[in-house]
Each structure stands twice: as structure tokens, then as C-alpha cells.
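Everything on this sheet refers to the single structure shown next.
The values are calculated or read from the model by the stated rules, or taken from the named source; none is laboratory data. Keep in mind that this is a model prediction, so the values were computed, not measured. Cβ atoms come from the backbone with ideal geometry, glycine included; neighbour counts cover every protein chain shown.
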Amino acid sequence: MSNILKNRMEFVFLIEAKMCNHNGDPDMANLPRQDGETDCGIFTDVAIKRRIRNYILDAFQGIDGMDILMKQGTSINKKIAEAVFATSNVGKENKSTAAINNARMEMCRRYWDVRTFGGVLSTGLNAGQVRGAVQIGMSTSLDPIHIEDLTITRMCYTTDGKDYKTIEDYEKEENEREDDKKRTMGEKKIESYGLYVIKGSISAALAEKCGFTEEDANALFEAILQCYNHDISSSKMGMNVISPVIIFKHVGTQNDNNQIEKAREAKLGCAPAYKLFDLLEIRKQDDVEFPRDKKDYLMLLHSSVPKGVEIGIKANPFEPVLWGWENISHEDMGCIQIHNDAN
């Protein structure tokens, strides 16, 4: 954990949802989440982070420090207690600030998602709270989405909650049931198409506090590119992260003669996040009324990156980030065009 991230970063990537349910709302019969005024789709941050966690859990299984706290069936209080007992001889009786901080850092050391996304670690024994180095925002689709509420048929049935004592009883029920009752009706809710711009930030100041490393950041970008390919389901079959992940790294405006101030600027940031996110311009093609594919949009990445910020892209999950315009080709950008603002 010695290679602590020292540069603030912003990152942005695109997710398209095609004939699927990008983020169902359980309180609305699992309808894709939608803005009630604009009809644009809503993508929650927790839905994206869930997929990222699932990938990290499988891709880095068994590697020290890469476990996931927020996974199915986990007793969070038990995991907190394990960290408290591992760092304190007197366990729960020790409620000093030092003991809480030791337990907090042990949770950060053990769990990738704690040092990445943070967590409240005081629900049982007290390991404090962690503000993770990474924040991912909620997103809305670029255009209104059309939702289809489809009726589907399962050509078999269940016995309406009845359990019989013998196979003969099951056969008797089957023989007595009318043929048109031997199937089940259901529903599937999908959106025809939605394109979402997902924005995130990585704080070097918080990385220092929770032990978030350069390797953790690279694992994050790998997981972003892979998460919908890896953790697939029928409702998410049309989900794709459109390569690449675009990364803005703050490197400082000072020359090498002032290393202290340069490192300070790199840590705190040299430009507002919104100016960096605005460098990615996406608009619907003029001849398209109802977008149904990423090609229905014009996507431009402007070259006018502010002073003190370096551009990078993660185009392949298992290859390094490409830093600097001189190392980025049009092929690496996929469907995103580089717009030279100097011309």
C-alpha cells in the first residue's frame, strides 16, 4: 500500500442501454428509473458501484487487500468486529480515538471498496467512518427513454404454494388442471435505448487518508470497462460501457524547480471538475429523431485541456492507461472523435 495516489483525477465514461432495464426501481414494479418531468432515464450511483464491486470480487479473489465488504450475505458488524479485535488487545472495551482509527485503517487495508467508496463502520463496534477516495455521480440519459411494459409467458406452472406428500398427488393435480392453466403470465420492463454519461472523481487528499493506491485506481478503471461484460443477466444483456474511460489527471502548473508547490497543486487540483467534464461534447445527429444506437450521436472530445491537467484514456481493461495526446490515436477513442480546438 506504499504507492498512494498523489494526483487528483476526474474520469468520465459512457454506458448505453439497449432493449434492457438499466436500473429498475423496486418500488415501481421494477420499471427503469425515469425523471418524471423530462422522461430521461435515471442511473443511480449505487447501481454502477454494485457492478464494479462484483467484478473486483471475482477478478481479484484471494489477493490481500482486494476483498469486498459490501457483498451478498455479509454481516457488516462481524467484519467490523474482526478489524477491531485484530487491532486492539482489549477489543470492544477500548473506545479511544486511537483504537477507532486503528480499526478504521484495518478496514481500509482489508477491503478495496471501503478505501474506494467509503463506508459507515460504526453500526456495531466502532471503526469510525471512511470517506472513500472515489465518488461516482448519478446520471440521466441524454434523451428521453421509451419504456415498454411487456407481458411474457412461461410455458409451465407452479402448484400455487401447495406442497403434496406424494408424487401421485402431484400427478393427480397435473391431470386435473386445465391445459390453459398450465402456464404462467409475467412481465418484463425494458427501455428501448438510453445513453448515459457517468462522471467520477478521485481525491488524492482522501486517498492519502484511506490508503487508496495507483493500483486501486487502475483496478477501478479495469472494472468499469468489464463490469457489464462480466456480471451479465438477461435484464442487463443490452448494457455496454463504451470504451474508453477518459481520465483527467492533475499534474500541477509549476515547473520542476518548484516540486513542493507542484505536488500540492497535483493533489488539490488545477481546474474545476465541470470544465473537464465539459470537454466531452455529445449531441444527437441531426437526422436522428429517436436514437437507438451510439452511432446516432456525435461524440467529440475537445483538446483544450486546462493547464496543469493531463489527458489519459483506458481503452483496454488489461493494458495501461495511455497518457498524453501524443499517445492517443483515433482508433483508441472508438466512436469518440478528437476535436482539435486549435484549428
Within the bounds of region 300-320, is there any residue that is in contact with a Pro (Cβ under 9 Å, 6 or more places away or on another chain) and within 30 Å of Leu31 (Cα to Cα)? no
When region 41-59 is checked residue by residue, the ones that are more than 13 Å from the chain's Cα centre (by Cα) and surrounded by fewer than 18 Cβ atoms within 10 Å (Cβ to Cβ) are Asp58, Ala59
What's the total number of residues in region 321-343 that are in a loop (DSSP other than H, G, I, E, B) and touching a residue at least 40 places away in the same chain (Cβ under 8 Å)? 6
Can you find, within region 291-339, the residue that is nearest to Gln254 (Cα to Cα) among those that are among the acidic types (Asp, Glu) and in contact with a Lys or Arg (Cβ under 8 Å, 6 or more places away or on another chain)? Glu310
How do the pairs read when you match residues in region 29-42 that are assigned to a strand (DSSP E or B) with residues anywhere that are among the hydrophobic types (A, V, I, L, M, F, W, C) and surrounded by fewer than 21 Cβ atoms within 10 Å (Cβ to Cβ), using Cβ under 6 Å and keeping only pairs 6 or more apart or on different chains? Pro32/Ile147
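Can you report the number of residues in region 224-251 which are of a type in the set (A, V, I, L, M, F, W, C), farther than 17 Å from Ile136 by Cβ and modelled with pLDDT of 90 or more?
Of region 224-251, the ones of a type in the set (A, V, I, L, M, F, W, C) are 224-225, 227, 232, 237, 239, 241-242, 245-248, 251.
Now drop any that are not farther than 17 Å from Ile136 by Cβ, which leaves 232, 237, 251.
Then keep just the ones that are modelled with pLDDT of 90 or more; that gives 251.
Qualifying residue count, region 224-251: 1.
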Here are some conditions: (1) assigned by TED's automatic domain parsing to the domain that holds Ala217; (2) surrounded by fewer than 10 Cβ atoms within 10 Å (Cβ to Cβ). Glu168 meets all but one. Which one does it not meet? (1)
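In the set Lys284, Lys314, Lys294, which member is crowded, with 16+ Cβ neighbours inside 10 Å and either of a type in the set (S, T, N, Q) or within 25 Å of Met19 (Cβ to Cβ) (or both)?
Values: Lys284 fails: crowded, with 16+ Cβ neighbours inside 10 Å; Lys314 fails: either of a type in the set (S, T, N, Q) or within 25 Å of Met19 (Cβ to Cβ) (or both).
Testing whether each residue is crowded, with 16+ Cβ neighbours inside 10 Å and either of a type in the set (S, T, N, Q) or within 25 Å of Met19 (Cβ to Cβ) (or both) leaves just Lys294.
If you check Lys162 against the conditions, is it surrounded by fewer than 19 Cβ atoms within 10 Å (Cβ to Cβ) and outside any helix (DSSP H, G or I)? Before you say what the answer is, go through the steps one by one.
Working: surrounded by fewer than 19 Cβ atoms within 10 Å (Cβ to Cβ): yes; outside any helix (DSSP H, G or I): yes.
When the stated conditions are applied, Lys162 passes them.
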Scanning region 123-134 for residues that are touching a residue at least 40 places away in the same chain (Cβ under 8 Å) and surrounded by fewer than 18 Cβ atoms within 10 Å (Cβ to Cβ), the one nearest to Ala204 (Cα to Cα) turns out to be Arg131
Just to be sure I understand the filter: pairs with C-beta atoms under 9 Å, separated by 6 or more residues or on different chains, first member in region 100-114 and touching a residue at least 60 places away in the same chain (Cβ under 8 Å), second member acidic (Asp, Glu) and surrounded by 24 or more Cβ atoms within 10 Å (Cβ to Cβ). Which pairs pass? Trp112/Asp216
Applying the selection to region 59-76, what residues are part of a helix (DSSP H, G or I) and at pLDDT 95 or above? Ala59
Name the residue, out of Glu208, Glu215, that is over 18 Å from the mean Cα position of the chain (by Cα), closer than 26 Å to Val130 by Cα and surrounded by fewer than 23 Cβ atoms within 10 Å (Cβ to Cβ). Glu208
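For region 204-216, give me each residue that is closer than 15 Å to Phe318 by Cβ and touching a strand residue (DSSP E or B) at 6+ places or on another chain (Cβ under 8 Å).
As a first pass, look at region 204-216 and keep what is closer than 15 Å to Phe318 by Cβ: 215.
Across region 204-216, there are no qualifying residues.
Under the condition of being hydrophobic (A, V, I, L, M, F, W, C) and farther than 21 Å from Gly137 by Cα, which residue from region 171-205 is nearest to the chain's Cα centre (by Cα)?
Step by step, filter region 171-205, then rank; the result is Ile190.
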Give region 55-77 a look and list any residue that's of a type outside the set (Asp, Glu), out of contact with any Lys or Arg (no Cβ under 8 Å at 6 or more places or on another chain) and touching a residue at least 12 places away in the same chain (Cβ under 8 Å), or say none. Tyr55, Ile56, Ala59, Phe60, Met66, Ile76, Asn77
